[in-house]
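> Sharing a structure below in structure tokens format, with a few things to ask.
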Amino acid sequence: MEQRHLGRTGLRVSRIGLGTLTWGRDTDEHDAAHQLKVFWEAGGTLVDTADVYGGGEAEYMLGQLVEGLVPRRELVIATKAGSVPDPERRFDGSRGHLLAALDASLQRLGTDYVDLWQVHAFDPSTPLDETLQALDIAVSSGRARYAGVSNFCGWQLAKAATWQLAAPGVRTRLASTQMEYSLLQRGVEREVLPAALDLGVGLLPSSPLGRGVLTGKYRHATPADSRGASEQLAPFVEPYLDEAAGRVVDAVATAADGLAVSPLEVALAWVRDRPGVAAPIVGARNAQQLTAALSVESLSLPDEICRALDDVSAPVHRYPDQDWSTL
């Protein structure tokens with residue numbers, strides 16, 4: 001699998017990442033081991049997790065599989081901290097919480113360091129410089145090799161990345177930002193992606209298949225074994241089952257038919273090759289689904305198909321993002 005630099009750093013990652021959101025919850029140890037083996041044998045290196053996935057079980061499961069199944073040095077392990085199970089405060093970006101969470105993650109992962117440590121979300125209750133100082137401490141202490149953020153809007157990302165660049169050699173450059181991005185969710189193109197491109201921050205798209213909708217599985221009905229049929233995850237899928245999304249899914253299916261590939265491959269190739277994207281993070285229920293996603297490695301979409309998909313999924317960008325002079 002092709003390797004790409006993560007933002008304007010020396011860290012190289014596979015251009016498809018393996019997500020572990022369901023590990024320890026819907027994916028058991030056997031299926032997780034099969035996924036990791038398939039991913040590694042395909043040349044994948046970037047494995048993304050978080051301290052809250054499966055209540056910590058995802059990290060623990062990954063830690064149990066590393067070395068026994070895949071050499072630690074051949075993986076780029078990324079994890080996140082900052083989400084908390086508190087209805088009064090969903091995110092805690094305080095220095096104390098973040099560093100304690102990192103130590104707990106390292107213990108579960110069974111490793112001395114993570115390759116990429118990310119703040120899971122912006123915490124409006126904590127000064128941003130305090131949150132960012134936790135990243136500096138993590139990197140300077142060797143507990144993290146690189147640092148990034150997740151779910152930061154445009155101004156938050158620009159402020160954070162600029163703050164870090166203001167003291168080179170003292171503060172650690174932001175390597176990445178993880179955000180939802182797909183043909184059904186192009187909101188990052190308004191401000192997040194321009195900021196990331198300008199400041200040298202690599203984009204790691206989550207839900208690159210539109211929460212599974214872009215595979216085409218929901219075109220005619222909701223499969224009984226799908227997320228859309230799950231009481232827990234149905235609200236997660238439902239926003240992408242409207243008429244506008246249906247037009248995009250139909251266009252993806254038409255392109256797939258013309259190229260003799262699957263809609264999954266078309267949708268994943270589109271987001272993988274967007275400007276500023278380092279590696280979409282793909283979560284699979286089993287190794288068979290993951291293998292289908294990894295088959296995209298050999299696919300590059302023709303320019304005319306990219307333009308057609310761009311047109312049918314184009315978000316509305318008006319003042320102050322662009323074309324303001326025509327108003």
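> Taking the conditions exactly as written (more than 23 Å from residue 205 (Cβ to Cβ) and touching a residue at least 12 places away in the same chain (Cβ under 8 Å)), does residue 123 satisfy them or not?
Spelling it out, it is not the case that residue 123 is more than 23 Å from residue 205 (Cβ to Cβ) and touching a residue at least 12 places away in the same chain (Cβ under 8 Å).
> Identify, from the list 134, 121, the residue that is within 21 Å of the chain's Cα centre (by Cα) and under 28 Å from residue 4 (Cβ atoms).
Exactly one of 134, 121 is within 21 Å of the chain's Cα centre (by Cα) and under 28 Å from residue 4 (Cβ atoms), namely 121.
> Restricting attention to the range 166-185, does a residue exist that is without any contact (Cβ under 8 Å) to a residue 24 or more places away in the chain and within 15 Å of the chain's Cα centre (by Cα)?
Checked against the condition, which is being without any contact (Cβ under 8 Å) to a residue 24 or more places away in the chain and within 15 Å of the chain's Cα centre (by Cα), the range 166-185 yields no hits at all.
> Identify, from the list 280, 315, 320, the residue that is surrounded by fewer than 21 Cβ atoms within 10 Å (Cβ to Cβ), out of contact with any His (no Cβ under 7 Å at 6 or more places or on another chain) and within 21 Å of residue 203 (Cβ to Cβ).
315
> A further question on this structure: Considering only the range 85-125, state which residues are among the β-branched types (Val, Ile, Thr) and more than 17 Å from residue 152 (Cβ to Cβ).
The answer is 111, 114.
> Among the residues of the range 258-317, write down those that are of a type in the set (A, V, I, L, M, F, W, C) and without any contact (Cβ under 8 Å) to a residue 12 or more places away in the chain.
260, 316
> Which of the residues that make up the range 236-282 are at pLDDT below 95 and over 20 Å from residue 311 (Cα atoms)?
Correct list: 236, 237, 238, 239.
> Counting only residues that are without any contact (Cβ under 8 Å) to a residue 40 or more places away in the chain and not small (Gly, Ala, Ser), which one in the range 50-66 is surrounded by the fewest Cβ atoms within 10 Å (Cβ to Cβ)?
The extreme case among them is 57.
> Give 144, 175, 158 a once-over and let me know the one that is buried (at least 24 other Cβ atoms within 10 Å of the Cβ) and either touching a helix residue (DSSP H, G or I) at 6+ places or on another chain (Cβ under 7 Å) or among the basic types (Lys, Arg) (or both).
Only one candidate passes the filter, namely 144.
> Then there is this: Pick from 271, 249: which is touching a Lys or Arg at 6+ places or on another chain (Cβ under 7 Å), within 24 Å of residue 17 (Cβ to Cβ) and part of a helix (DSSP H, G or I)?
When all the criteria are applied, what remains is 249.
> Name the residue that is most open to solvent (accessible area, probe 1.4 Å), counting only residues in the range 81-100 that are touching an Asp or Glu at 6+ places or on another chain (Cβ under 7 Å) and under 19 Å from residue 143 (Cα atoms).
Ranking the qualifying residues of the range 81-100, first place goes to 95.
> Would you check if residue 279 is in a loop (DSSP other than H, G, I, E, B) and of a type in the set (A, V, I, L, M)?
Criteria met by residue 279.
The values are calculated or read from the model by the stated rules, or taken from the named source; none is laboratory data. Worth saying up front: this structure is predicted, and the values here are computed from it rather than measured. Please note: Cβ atoms are built from the backbone with ideal geometry, for glycine as well, and neighbour counts cover all protein chains shown. The area values use the complete protein model at the heavy-atom level, side chains included, leaving out ligands, DNA and RNA. Shrake-Rupley method; radii C 1.70, N 1.55, O 1.52, S 1.80 Å.
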